[in-house]
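Here's the structure we're looking at; comments come further down.
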Amino acid sequence: MTSNKSLLAELKYFVNGVPNLHRGLPADVSAQLVKCSLTLLEELSTSREVILEYFAMVFDESVKNYVAYEREPQGTPPDDELVVSIQEALENLVTKGPAAWAPLISSWSLRILGTLSNKYSRGRVMDIGSSCTLWLGSNAMRSLLGLAALCFSKLYSKDTDDCIATLLSTFVQNSPHFDWVVARLGGCFPLKVISKILQCGLRGFVGNANSTLDSEVGILGYLSFAYESDLKFALKEMLQTVLVKNFASTQPQISTIPYLLHLCGMSEILLQPIINVFLDIFNDALIPSLIDQAQLWPQNFKPQNIVPSLTSLALKLKSDATKTIITLAKIADDHAWCQDLLESILQELELMVWEVRSCQLLNDLIRDNSTELLWQSCISSNLMEQQTAIRLLLLASPQSPFIFHQTVAKLLENSYVVNNNGFGALVRLLPSYHGTPEPLQIKPGIEMALERLILGSTRKRYEYVATGLNVLKNLVSLIKLEKLNTSTHLNQSLVTTTTNECISKILIIQSMLLKRNFRTIREPIDDDTQCVDVDTIQYKKLKSKTGNHGIDDVNQTQTEKEQIHLIANLLDLLEVGGSEIVLGMVDVIKLAQLTVSYFFWSLYEKNPVERSTAVNRAYSMLTRQCTIRKSSRTLALRELLEGAFFSYSDRFGAHSETNYESKKDTVSLMKLNQNHCSIRSILHAGIIGSGLQAPMHVPDNLDPEMQQMYLGAIAACCKSEDIPTTIDGFSTVSLLLVEMVSTDVMYNGLPWPDEDFTKVTMERDLQIRRTFTNAPILWGILGLVATYRPAICFTSVLLRALCASVLNQWRAKTVDKYQAIANNVELYDTTKKLLEVMSMGQLLPPPLSYLHTVIDYLDAPEISVVLKECIWNYMKENVPSPVLYGVDSTGLHWRDSVAAKPYPIFVDPLRNIMQRKLPQLGTFYHQMFVISELSENVPKKN
């Protein structure tokens, strides 16, 4: 505590020294004067204002020297030891002194900052960043700023509003040169400062709607970098007051939205947070309030008058730009000015795309969250929103084609059963000509969707399978629409051509689905069956873990079934395999195999309507492929025959001989040899055979519908408008039959040898006979081939083997002359079918061609005589060769009955037998012999 005498001396020294300050005091004198003033400031309260004014003069001198040096940096920088000492003393007072110092010094420092900034910034046009760079280089200005910030931190809540009021009043008096101070000190109370600045700008805007508000915009922009959340909160409060809360129709409230639009136009930094806040609180319920307020807005802010400026603002949006455009599109149907604004924005974007320019909106379109929003809008029921989303996606695609491809895949994966408008979006998207310099390729998009379908088929997850079903449905619908040629968008076979280029992937999908579904049909998955592959094991593990909440296998199987039909329909619509579609050999082979597999798979369909539709579709596909490519026909026929004999023989009444299982306690051959007791070293040969075989049963489960469908598939492969091509196809069937049924490559020629030669081929003949018995569909195939003469000739070895086997069997029956038909059903049936086939193929001329009608009335010895003397001997002398057939004017092959008339030696045995049974066979005898002889004796007219 300084004594009164010393304090009086200090005051006298200060009073005498201050008037001479303008003359320039020596450094030591100035330092002593500052020291004296600091003592008086602390001890003598009445001198505070004078001393603070003195400090202001010291700071002014320091800033003056700094500005002079900054303009002409010569010599050494000015020494600011006095400023530093003053700053330290004042900070000490604020920190350790009474609380009243903080408001006093803060008000003083703000006033001095405003005065000095305004005084020494005249003639300079600087933004806030440049002003901060300039003034923070001055020790005096930096000290004043630090003092103000320190005081703010020491203020009590009741003093905060007063200090902010002082800050803003100084800002009003010294703007724009004081803006940098407000921006720097705004961090002490960011929310309050930002709110006050916004309100201050609003008051200025109400007084003059054309005001630039440069200072407010600069401060808000500066603060937004570090305090964006506070800025958004303040904006939200301002908007909610106008839109959500009660609207009082006061001038500030009416002008709030035009004011914010004005801020957006002045600063891109403020544009983004204002738009983000507006989108956060916007909903349809606010639209009436906005409409009512818009009628009260200044004339130059009416919606219809600011379309150009709003278009410019929309192009500058960095984020949420896509959301803004989509929000605008949602309400465009009800407001004409929204449609004008929307069209203006899209036209500007199109111009930029054509001129290869960029903007913030285009950059926002290619972001992940934006594309997701656009995909959702594409399937919206709002047509304006849907069309806008499509145009935006197309405009974004030139700079990122992957977006277009991904959009094609996404739209293909959607289901449009509930909302058909989404399919319209897909139709509009695919041509890809609206707003883009050149059309985009849709092939990668379709390939992407198909690859996901392959992935789904591999993982066996229902959601993947369901998505794949949508892809196939949409592709089928698009191709049908193209073929109808009723759409203005799809009129150039774009989807058809592109899908044809993706045939390889479609065939892979079909192959995977058919393979798995055949296993499902023939080996159903349940808890009692053994898993047959890794996928099934994984399925059962998942089912055991999740119980009834796991994969819905029933739904998945049904969905995969629909996929198989859709792929077949797709291939049929595309006319894959036709002359206009170029396929590699690998795809040709795979397509033929899959078509046959699809045909067999369709036979397991329980619904007769669906089965018939699928089979007819398979016919169409087989005919198309086999007509153009002989390789496809040969492969398809081979697959059909092998499927009927082996893989799918259960659908055609096939059965195998009874396989006797060995006893469970059978000892291995090694054990038998070890236990064999003998002095000599020998090997035991084991047990030969399993006893007598069970008698072979005639199959009785051949479904006529299945047989008819199967024969239709063979006919579809062979039939052609060109008759020689048709005959060639059925000749291929004959050759394949011989290859598959005959077990020996020797003695497969067309001629029939002497009957005694059958002793050499007996084993082969019996095997062929057994094959026909086990696979009754063979008779149907032979009957079909017989109708397309002379293809039946190439099956001579099969007919010969059948004839030899039944002949020897009938001959064995002659031991007992009476053989009831009931005891020889299979033998009678086989003999009759053989004679029918040979008659249909015109291998037997009249009257031998009628033999199958009288065979039921003959006894075993008589049948054996007829087969030997009439059939075998005739066939031996008349080789079944295609040269026996002539061609008529229609291209059909016929055998001349006159030239092929058999010699009496081949007919008389049959004639004699029938004469002995005239009471039973009189009608047949008259038809076979009498009528034919009468017709031959009738004289011909000249």
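The values are calculated or read from the model by the stated rules, or taken from the named source; none is laboratory data. Because the structure is predicted, anything quoted here is derived from the model rather than measured. Methodologically, a virtual Cβ is constructed for each residue, glycine included, from the backbone with ideal geometry; neighbour enumeration extends over all protein chains shown. Keep in mind that these areas ignore ligands, DNA and RNA; they rest on the heavy atoms of the full protein, side chains included. Shrake-Rupley method; radii C 1.70, N 1.55, O 1.52, S 1.80 Å.
Quick notes
- Rounded percent of accessible protein surface that carbon and sulfur make up, region 739-844, 1.4 Å probe: 56
- Cross-link check: pairs Lys590/Lys832; Lys323/Lys410; Lys330/Lys410 evaluated at a Cα-Cα cut-off of 29 Å; pairs beyond the cut-off: Lys590/Lys832.
- For region 777-793, backbone phi angles converted through the Karplus equation (6.51, -1.76, 1.60; θ = phi - 60°) give residue-by-residue couplings of 4, 4, 5, x, 5, 4, x, 5, 5, 5, 6, 10, 5, x, 4, 5, 4 Hz, Gly and Pro being listed as x.
- Sparse-neighbour loop sites [GluC sites (Glu not before Pro); region 269-363; at most 15 other C-beta within 10 Å; DSSP]: Glu355
- Solvent exposure ordering (accessible area, 1.4 Å, most first) of Tyr69, Tyr857: Tyr857, Tyr69
- Charge tally for Ser620 (other residues, Cβ to Cβ under 11 Å; Lys, Arg +1; Asp, Glu -1): 0.
- Our estimate of slack between Val244 and Ser881, defined as 0.36 nm per intervening residue step minus the Cα-Cα distance, is 219.5 nm.
- When each of Lys236/Lys318; Lys192/Lys318; Lys196/Lys316; Lys876/Lys901; Lys483/Lys561; Lys505/Lys561 is checked by Cα-Cα distance, pairs over 21 Å: Lys192/Lys318; Lys196/Lys316; Lys483/Lys561
- Rolled with a 1.4 Å probe across the full set of protein chains, the surface gives Lys64 an accessible area near 110 Å².
- Protein heavy-atom accessible surface, 1.4 Å probe, per residue over region 226-345: 45 Å².
- Peptides 402-409, 736-743, 918-925, 795-802, ordered by how many other C-beta atoms sit within 10 Å of their residues on average, highest first, read 795-802, 402-409, 736-743, 918-925.
- Loop sites in region 149-245: trypsin sites (Lys or Arg not before Pro), DSSP, at most 14 other Cβ within 10 Å: Lys245
- Prolate/oblate/rounded call for region 226-317, Cα gyration tensor, a/c under 1.5 rounded: oblate
- Rounded to the nearest 10 Å², the accessible area of His335 at probe 1.4 Å: 40
- Net charge of the neighbourhood of Asp364, taken over other residues with C-beta under 14 Å away and scored Lys/Arg +1, Asp/Glu -1, is 0.
- Backbone HN-Hα couplings from phi across region 163-173 [Karplus 6.51/-1.76/1.60, Hz, Gly and Pro as x]: 5, 5, 5, 4, 4, 6, 5, 5, 4, 5, 6
- Of the peptides 862-875, 360-373, the order by per-residue mean of other Cβ atoms within 10 Å, starting with the highest, comes out as 862-875, 360-373.
- The listed residues Arg764, Arg617, Arg71 rank as Arg71, Arg617, Arg764 when sorted by accessible area, largest first, using a 1.4 Å probe.
- For Lys443 and Ser415, the FRET efficiency from 1/(1 + (r/R0)^6), where r spans their Cβ atoms and R0 equals 22 Å, is about 0.45.
- Largest accessible area first, the listed residues Phe205, Phe794, Phe282 line up as Phe794, Phe282, Phe205 when surface is computed with a 1.4 Å probe on the assembled protein chains.
- Rolled with a 1.4 Å probe across the full set of protein chains, the surface gives Trp779 an accessible area near 30 Å².
- Carbon and sulfur %, accessible surface of region 263-391 computed with the full protein complex present, 1.4 Å: 53
- Accessible surface of region 134-245 [probe 1.4 Å, protein heavy atoms]: carbon and sulfur percent: 51
- The Cβ shell under 14 Å around Leu349 holds other residues with a net charge of -2, Lys and Arg each +1, Asp and Glu each -1.
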